[in-house]
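Here it is, the structure, as structure tokens.
The values are calculated or read from the model by the stated rules, or taken from the named source; none is laboratory data. As the structure is a prediction and not an experimental result, all values here were calculated from the model. Counting neighbours? That spans all protein chains shown, and the Cβs are built from the backbone with ideal geometry, glycine included.
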């Protein structure tokens, strides 16, 4: 969802993919991953998130538009990318994607009319993509869905392709620092219309860690003794 928001803000999806894969070290970027999984699957899964967490999701016209255009990804030969029928090699398709991006950006209206896309650096893009993931990871820890934060490190590397060299999601987040992550999430929330700011709202666990200096990997503090 963070990647689609960047696209609706006017950023080039292929640049986003290049930064996430080439600079950060993920196996592929979010738009290429969408093509691997299929836009039809993305639409279905996204609907579940909208139903379950309406206050902290970003709803875009882009994925439904891909479905309507039968650009489901590898399975139809076109998605965000186009695919060679014999080799299945992906290549950018900016001309084919342009009208869908234009329509989605117009409907999203994340920028004032005539405004230029924000001048985000590669580092900004990585923060925009991964800090909301850290935020959700903190919710998982705080709600006791995992026994310990290190479980998320293992899961992020083994299941979502998080670069092993970075140690896992929460380990990496501790290197960045909860205080910086909170500040950046709040900065991003201020860059979008108020109805979308909830996507970046830091959870209590992350806010508490930022305020106290406690490492995210330490888990929730023990309850106070009476």
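Taking into account only those residues within segment 1-34 that are under 16 Å from residue 73 (Cβ atoms) and part of a loop (DSSP other than H, G, I, E, B), which is nearest to the chain's Cα centre (by Cα)?
Among those that are under 16 Å from residue 73 (Cβ atoms) and part of a loop (DSSP other than H, G, I, E, B), it is 29.
Something else about it: Just to be sure before I move on: is residue 139 under 19 Å from residue 16 (Cβ atoms) and either out of contact with any strand residue (DSSP E or B) (no Cβ under 9 Å at 6 or more places or on another chain) or modelled with pLDDT under 95 (or both) in the structure I sent?
No, not satisfied.
If only one of 202, 220, 132 is part of a loop (DSSP other than H, G, I, E, B), modelled with pLDDT of 95 or more and in contact with a helix residue (DSSP H, G or I) (Cβ under 9 Å, 6 or more places away or on another chain), which one is it?
Testing whether each residue is part of a loop (DSSP other than H, G, I, E, B), modelled with pLDDT of 95 or more and in contact with a helix residue (DSSP H, G or I) (Cβ under 9 Å, 6 or more places away or on another chain) leaves just 202.
Still on this structure: Can you work out which of the residues in segment 64-83 that are free of Cβ contacts under 8 Å to residues at least 24 places away in the same chain and within 26 Å of residue 192 (Cβ to Cβ) is surrounded by the fewest Cβ atoms within 10 Å (Cβ to Cβ)? Write out each step before concluding.
Residues of segment 64-83 that are free of Cβ contacts under 8 Å to residues at least 24 places away in the same chain, as a first pass: 64, 68, 70, 76-78, 82.
Those still in the list that are within 26 Å of residue 192 (Cβ to Cβ) too: 64, 68.
Values: 64: 17, 68: 11.
For segment 64-83, the residue satisfying everything is 68.
If we keep just the residues of segment 109-126 that are under 16 Å from residue 190 (Cα atoms) and in contact (Cβ under 8 Å) with a residue 40 or more places away in the chain, which is surrounded by the fewest Cβ atoms within 10 Å (Cβ to Cβ)?
109
Given the criteria modelled with pLDDT under 95, over 23 Å from residue 193 (Cβ atoms) and in a loop (DSSP other than H, G, I, E, B), does residue 86 qualify?
Answer is yes for this residue.
When segment 1-50 is examined, which residues are found to be in contact (Cβ under 8 Å) with a residue 60 or more places away in the chain and in contact with a strand residue (DSSP E or B) (Cβ under 7 Å, 6 or more places away or on another chain)?
Within segment 1-50, 14 is the sole residue that qualifies.
Give segment 38-63 a look and list any residue that's assigned to a helix (DSSP H, G or I) and buried (at least 16 other Cβ atoms within 10 Å of the Cβ), or say none.
39, 40, 42, 46, 56, 62, 63
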